[in-house]
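Worksheet for the structure shown next.
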C-alpha cells in the first residue's frame, strides 16, 4: 500500500506531486537518486510505553518497510545494503524501521524516512582502499628510545642488591 493512501504529509504535498506528474517522492538520497513513495510501506501502529489513556487510542508509532530487492536502487547499492550487518535488515532483504520517539505520527514518519535515507546514503558511500605505508626510520628509532627510557625507569624502581 502506498504511503499517500494511508495519510498525507501535508495538504501542499499533493499540489507538489501534481507538478511532478503525479509522482510523489518521499526522499531525495542524492542529486541523481530518489526513492518513490510506492517503494516504501509505512504503517501507523500503537506506540508502547507510558501515556495513560491516550496511548491506547492513537496510532502514533510508525513501521517503515523497504524491500531492497524490489526497489529502484542501483545494483551496487543493493549489494552493499544487503551486505551490511544491520539488525534492521531481515534475511529476506527488507529494511524494517520502527519510529516511536515523538508523540505525533507526522514527526515519527519523518524520523523513519530520515533513518532510511541515512542507511541508503551509507551504502552509497564507497570507502577508499587503505594505502599500505611503512614506518619511517626516525619513528622506529624514537620508538626504541622511548622503550629503552621506559625500561630504565622501571629498572630504577627495583630494590638495590647489595
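The values are calculated or read from the model by the stated rules, or taken from the named source; none is laboratory data. On a predicted model such as this, the values are computed, not experimentally measured, just so you know. Glycine gets a Cβ as well: all are built from the backbone with ideal geometry, and neighbour counts include every protein chain shown.
List of remarks:
Results for (1) touching a strand residue (DSSP E or B) at 6+ places or on another chain (Cβ under 6 Å); (2) surrounded by fewer than 15 Cβ atoms within 10 Å (Cβ to Cβ); (3) over 30 Å from residue 87 (Cα atoms); (4) at pLDDT 65 or above, shown as yes or no for each residue.
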{"site": "12", "(1), (2), (3), (4)": "no, yes, yes, no"}
{"site": "46", "(1), (2), (3), (4)": "no, yes, no, yes"}
{"site": "59", "(1), (2), (3), (4)": "yes, yes, no, yes"}
{"site": "71", "(1), (2), (3), (4)": "no, no, no, yes"}
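- Among the residues of the range 115-125, just one is without any contact (Cβ under 8 Å) to a residue 40 or more places away in the chain and more than 8 Å from the chain's Cα centre (by Cα), namely 125.
- Residue within the range 64-73 that is under 18 Å from residue 41 (Cβ atoms) and touching a residue at least 60 places away in the same chain (Cβ under 8 Å) present: no
- Test for residue 80: is it surrounded by 10 or more Cβ atoms within 10 Å (Cβ to Cβ), at pLDDT 70 or above and over 17 Å from residue 113 (Cβ atoms): yes
- Filter result (surrounded by fewer than 17 Cβ atoms within 10 Å (Cβ to Cβ) and within 18 Å of residue 63 (Cβ to Cβ)) within the range 118-132: 118
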